[in-house]
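This report refers to the structure that appears directly beneath it.
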Amino acid sequence: MGKRTPFYELHAKANAKIVDFAGWDMPLHYGSQIQEHHQVRQHAGMFDVSHMGVVDLHGKESTAYLRHLLANDVNRLTQGKALYTCMLNEQGGVLDDLIVYKINPDFYRIVINAGTREKDLAWMKKQSANFDITLIERTDLAMLAIQGPEVKDKLPLFLSPSEVHEVQQLKPFHFAQNNDVFIARTGYTGEDGIEIIFPINQVESRWDALLNAGVLPCGLGARDTLRLEAGLNLYGSDMDETVTPLESNLAWTVALEPKDRIFIGRDALEKQSQAGMKFKLVGLVLEGAGIIRNHQRVMTESQGQGEVTSGGYSPTLEKSIALARVPVEISNHCRVVIRDKEVPALVVKPPFVRHGKKVF
């Protein structure tokens, strides 16, 4: 038996197919992964993301600590705003990608991935030795992602009037706090929506309110196809400790200015950039029959080989798509080796889908 979120019994009651995910017993789907995917693209769905780690950072040197720890620069943040970034090792490899929220200059909230939770916490504590800060893992909180084009209209059906007022004022990548409830306009699906963090004693009432509002539960399967269509990286597949943000389509998350900010991995990234990139992450759309899967080879005309990092079927586009790490000189077409056959594919810049519409 794996670790369980506070929603586990509700998943079981909803007849979820439970699978192991990074040591957690999590719902893969509640009957149909495809239907759950379309529910989010066309209406509204909710995901239990309580297996992710919520870490609160306190202290007068919190900002200085994060400017050393993270590749993006929290000095870009104003109070009430969120920042997506990578946390790197000394070689520039990605230890994790995460979101940091600035509550005030001495208080940040950080949400880390489930599969890297223990490793991240150990690294963060190790790097805190020279800073006057305190890290607190908030195991007393639960977290839901509520995503889809109908979420905004449904807010009054599952939030309190004061919470609705707060959320309606939010711009993307901003957040609000209402007593002990934390609501951010963020997500991992390519649709508009919110992520809400709250005390575990509210789990059942929040779940029931969402169900009554017509916001249906969705599992890991739909979450993966949604994020793939949105061109969003998955840690452990599209990037890990062996690759840098520069070769993972995440150069935009690295702040090299100002030049005097010394963050972990900076030297390695600068050397890689000066030497010239050999590989990059691109999108692939299969033009022949078959389904692209992780680790399949990508063949180019003369530039060498690449590898699929995330592949699968796109329910919105009704064809197979993928993210792949390929030679930087790749042309607009390539071939993917599927069952020993080379199937033609189009090379595109992610995302594949934005707000339910094809974008390539």
**OP:** Identify all residues within the stretch 145-190 that are under 25 Å from residue 107 (Cα atoms) and assigned to a helix (DSSP H, G or I); write none if there are none.
**Re:** 162, 163, 164, 165, 166, 167, 168
Subject >> Sole exception among (1) crowded, with 17+ Cβ neighbours inside 10 Å; (2) over 14 Å from the mean Cα position of the chain (by Cα); (3) not polar (S, T, N, Q) for residue 83, by number >> reply: (2)
Original post:
Only one of these conditions is not met by residue 339: (1) of a type in the set (D, E, K, R); (2) within 27 Å of the chain's Cα centre (by Cα); (3) surrounded by fewer than 15 Cβ atoms within 10 Å (Cβ to Cβ). Which number is it?
Top reply: (2)
Original post:
Just wondering, is there one or more residues in the stretch 282-302 that are within 16 Å of residue 70 (Cβ to Cβ) and of a type in the set (A, V, I, L, M)?
Top reply: no
Original post:
Only one of 292, 264, 197 is within 30 Å of residue 9 (Cα to Cα) and either assigned to a strand (DSSP E or B) or at pLDDT 95 or above (or both); which?
Top reply: 197
Original post:
For residue 274, which of the numbered conditions (1) of a type outside the set (Val, Ile, Thr); (2) under 24 Å from the mean Cα position of the chain (by Cα); (3) surrounded by fewer than 17 Cβ atoms within 10 Å (Cβ to Cβ); (4) not in a loop (DSSP other than H, G, I, E, B) fails to hold?
Top reply: (2)
**OP:** Would you please list the contacts, defined by Cβ atoms under 6 Å and residues six or more apart or on different chains, that run from a residue in the stretch 211-239 that is more than 16 Å from residue 315 (Cα to Cα) and at pLDDT 95 or above to a residue that is aliphatic (A, V, I, L, M) and surrounded by fewer than 20 Cβ atoms within 10 Å (Cβ to Cβ)?
**Re:** 213/157; 217/14
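One line per residue, one yes/no per condition, for (1) closer than 29 Å to residue 210 by Cβ; (2) in the same structural domain as residue 215 (by TED's automatic domain parsing); (3) surrounded by fewer than 18 Cβ atoms within 10 Å (Cβ to Cβ):
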site: 17; (1), (2), (3): yes, yes, yes
site: 29; (1), (2), (3): yes, yes, no
site: 36; (1), (2), (3): yes, yes, no
site: 45; (1), (2), (3): yes, yes, no
site: 58; (1), (2), (3): no, no, yes
site: 73; (1), (2), (3): no, no, no
site: 88; (1), (2), (3): no, no, no
site: 97; (1), (2), (3): yes, no, no
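If the requirement is being aromatic (Phe, Trp, Tyr) and buried (at least 19 other Cβ atoms within 10 Å of the Cβ), which of these qualifies: 131, 175?
Working: 131 fails: buried (at least 19 other Cβ atoms within 10 Å of the Cβ).
Selected residue: 175, the only one of 131, 175 that is aromatic (Phe, Trp, Tyr) and buried (at least 19 other Cβ atoms within 10 Å of the Cβ).
The values are calculated or read from the model by the stated rules, or taken from the named source; none is laboratory data. Values in this document were obtained by computation on a predicted structure and should not be read as measured data. Note that each Cβ is placed from the backbone with ideal geometry, even for glycine, and that neighbours are counted across all protein chains shown.
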